[in-house]
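Derivation of every value follows stated rules applied to the coordinates shown; laboratory data play no part. Nothing here was measured: the structure is a model prediction, and the numbers come from that model. Glycine gets a Cβ as well: all are built from the backbone with ideal geometry, and neighbour counts include every protein chain shown.
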Amino acid sequence: MSDERWEEGSEGEPFRLLFVCTGNTCRSPMAEALAKAGLRDRGWSDVSASSAGVAAVPGLPVSPGAVRALERRGLEPPSRGSRPLTPDEMERADLILTMSPGHLEVVRSLGGEGRSEVLTAFARGVEGTGEGLSGVMDPVGGDDDLYEEVCRQLEELVEAALLRLEPVIRP
């Protein structure tokens, strides 16, 4: 994926970052909350972060384990319920970061080709190489230790992704 795609968009419109997982109750809401904190810390008011799920049931709350992992970091999960990934949501996004290769396939089949990547590959700068495509483990149904482990991984990946975007957002 080329950096040129990230620079496209409507003049005066915020850069829109979209995180995608399966149900939009664990990984992608945690990534959204972590990204919003990172954006706030950087003062990037012209960048937004949101999340959706490829198989989300609308309106479900963020899982309790994800809420607790975020709260331990002083962060709040998204207050709206889970949202299914829609073509409109994807069309508004400038960069779509998925939690697994399977999610990436769905995103690309719905028209997200050229502006989507697995978060692990994007964060490591190895997209398109086949490396880093293991994705982020799904903690659904796990204990708090598992949610904590996934949240720690997401912290690192989201931070690395924001660092990669910095030259584009703040040239």
* Mind listing just one residue for me: the one in segment 19-63 that is of a type in the set (Asp, Glu) and in contact (Cβ under 8 Å) with a residue 40 or more places away in the chain and, of those, farthest from Val106 (Cα to Cα)? => Asp46
* Would you point out which residue out of Pro64, Pro84 is touching a strand residue (DSSP E or B) at 6+ places or on another chain (Cβ under 8 Å) and surrounded by fewer than 20 Cβ atoms within 10 Å (Cβ to Cβ)? => Pro84
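Just one of Ala93, Ala66, Ala56 is closer than 15 Å to Phe19 by Cβ and touching a Cys at 6+ places or on another chain (Cβ under 7 Å); which is it?
Ala66
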* Answer yes if at least one residue in segment 77-100 is without any contact (Cβ under 8 Å) to a residue 12 or more places away in the chain, more than 22 Å from Asp41 (Cα to Cα), in contact with a helix residue (DSSP H, G or I) (Cβ under 9 Å, 6 or more places away or on another chain) and not in a loop (DSSP other than H, G, I, E, B), and no otherwise. => no
* Filtered residue count, segment 15-34, keeping only those that are farther than 18 Å from Ser116 by Cβ and touching a Leu at 6+ places or on another chain (Cβ under 9 Å) -> 6
* Asked: Quick one: is Val126 buried (at least 23 other Cβ atoms within 10 Å of the Cβ) and without any contact (Cβ under 8 Å) to a residue 24 or more places away in the chain?
  -> no
* Would you point out the residue of segment 135-166, among those that are outside any helix (DSSP H, G or I) and among the β-branched types (Val, Ile, Thr), that is nearest to the chain's Cα centre (by Cα)? => Val136
